[in-house]
1. Would a scan of region 280-289 turn up a residue that is among the polar types (S, T, N, Q), touching a residue at least 12 places away in the same chain (Cβ under 8 Å) and under 29 Å from K28 (Cβ atoms)?
2. Among the residues in region 80-88, are any in contact (Cβ under 8 Å) with a residue 40 or more places away in the chain and farther than 20 Å from L213 by Cα?
3. State yes or no: is K51 touching a residue at least 24 places away in the same chain (Cβ under 8 Å), basic (K, R), open to solvent by 40 Å² or more (accessible area, probe 1.4 Å) and in contact with a Lys or Arg (Cβ under 9 Å, 6 or more places away or on another chain)?
4. Could you list, in sequence order, all residues of region 58-87 that are within 19 Å of E129 (Cα to Cα) and surrounded by 15 or more Cβ atoms within 10 Å (Cβ to Cβ)?
5. Residue by residue through region 326-342, note down the ones that are modelled with pLDDT under 95 and either touching a Pro at 6+ places or on another chain (Cβ under 9 Å) or open to solvent by less than 20 Å² (accessible area, probe 1.4 Å) (or both).
6. Taking region 351-368, which residues are under 20 Å from Y279 (Cα atoms) and either touching a helix residue (DSSP H, G or I) at 6+ places or on another chain (Cβ under 6 Å) or part of a loop (DSSP other than H, G, I, E, B) (or both)?
7. Identify all residues within region 346-364 that are touching a Ser or Thr at 6+ places or on another chain (Cβ under 7 Å) and open to solvent by 40 Å² or more (accessible area, probe 1.4 Å); write none if there are none.
8. So which residues in region 155-167 are more than 15 Å from L207 (Cβ to Cβ) and open to solvent by 20 Å² or more (accessible area, probe 1.4 Å)?
Amino acid sequence: MSSIIYLLVLLPGLFYALVSLYFIIKAKEKKAVPHLKNDEAPSVTILKPVKGIDDNLEDNLSSFFELDYPDYEIIFGIDSEDDPAAPLIEKVMNKYNHINSRLVIDGRKSGLNPKVNNLINMYPYANGELILISDSNTKCDRDFLAKLTAHFDDRRLGMLTATIRGYGEKNMVSAMENIHLNAFVAPSIFIASSLADINITIGKAILIRRNALDVIGGFNAFAGYLAEDFMMGKKVKEAGFRVMTSPVTIDNINEKIPPEKFINRHSRWSKMRFKIAPYHYLLEPLTNPVALGLLLLPFFNGVFVYFILSVTIKIILDYLISRQTNRSHKFYFYLLIPIKDLLIFAIWFIPFFNSKIKWRNNVMLIKEESILQPAS
């Protein structure tokens, strides 16, 4: 009887992984939207907020200058001339001087979210009908923009996000981060949208209609939120537009993440999720059979073999899910999944005891709906 109870506790997590595999395959198999003709393609402004030197930064930025798209411009934003990324940005801009681009250096602050402050300072220079907000640690394929803009043939569509693909790991921590993005985060977005009508918008690559952005108050309306991407999607939907996640992928480059950065990042994200949707947050451990199985192991006799079996199944399912978007992970990195899942579970408890976050050298408190307040 105890073995049956133990297995029943683990089944939701394994079932969630199986459902994740189904939805990521379904998303991958969706027929590509035909590219718009050049004379029909809307103009696009790419806003690139930059802070410091990310992994592979020069190649990341260069990929956006090599897009196969007829009408786009790129605007970079930093908050200080002393930012070490400034010379590199200018180097890339000079290399691709046939593409309309500019660097905006502006340290004005409209709120506590430094990324949104950067976007606010860049936005007056934007001319495109569509605005692509893309983080500096992302890299794209040549047809990325053509595939994304094709969705906007639907006039009801106000905003979309690309599917994250973790890529480029050169150490174990980065491998855990990238596998987590591919095996858990990416499919969870499609599950939330399809089964719960919840649109999770992630700021790695957001494409939004200019008029939709203006209707919801522009970037200024989100300067006080940590989860500005999620809140933008929520407000766009409330304004009567459609919001979606495209199966088109954007590479989130993580090469050499140190352990402390991994912990700080996931701690910040866990606090954000807890403040946005506390009831959903309480259910998250059910998606983690590795951690639940280990936690309950001392309370059940003769179930160790079931624990090993569940861990093995979880590794296999995560392997199959990840390979739908990224086949470059070395096989032995998948053996890190139990360690990754245990770390994620340990971090899950942090929001119940601590509401402070450290982000880009700023220490802040996070409140309901991810509203930010000074830590003092």
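The values are calculated or read from the model by the stated rules, or taken from the named source; none is laboratory data. This structure is a prediction, so every number in the text was calculated from the model and none was measured. Backbone-built Cβ (ideal geometry, glycine too); neighbour counts: all protein chains shown. Keep in mind that these areas ignore ligands, DNA and RNA; they rest on the heavy atoms of the full protein, side chains included. Shrake-Rupley method; radii C 1.70, N 1.55, O 1.52, S 1.80 Å.
1. Checked against the condition, which is being among the polar types (S, T, N, Q), touching a residue at least 12 places away in the same chain (Cβ under 8 Å) and under 29 Å from K28 (Cβ atoms), region 280-289 yields at least one hit.
2. The answer is yes; a qualifying residue exists.
3. For K51, the condition - touching a residue at least 24 places away in the same chain (Cβ under 8 Å), basic (K, R), open to solvent by 40 Å² or more (accessible area, probe 1.4 Å) and in contact with a Lys or Arg (Cβ under 9 Å, 6 or more places away or on another chain) - is met.
4. F64, F65, L67, Y69, P70, D71, Y72, E73, I74, I75, F76
5. N326, H329
6. Answer for region 351-368, where residues must be under 20 Å from Y279 (Cα atoms) and either touching a helix residue (DSSP H, G or I) at 6+ places or on another chain (Cβ under 6 Å) or part of a loop (DSSP other than H, G, I, E, B) (or both): P351, F353, N354, S355, I366, K367, E368.
7. Of everything in region 346-364, just one residue is touching a Ser or Thr at 6+ places or on another chain (Cβ under 7 Å) and open to solvent by 40 Å² or more (accessible area, probe 1.4 Å), namely I350.
8. R165, Y167
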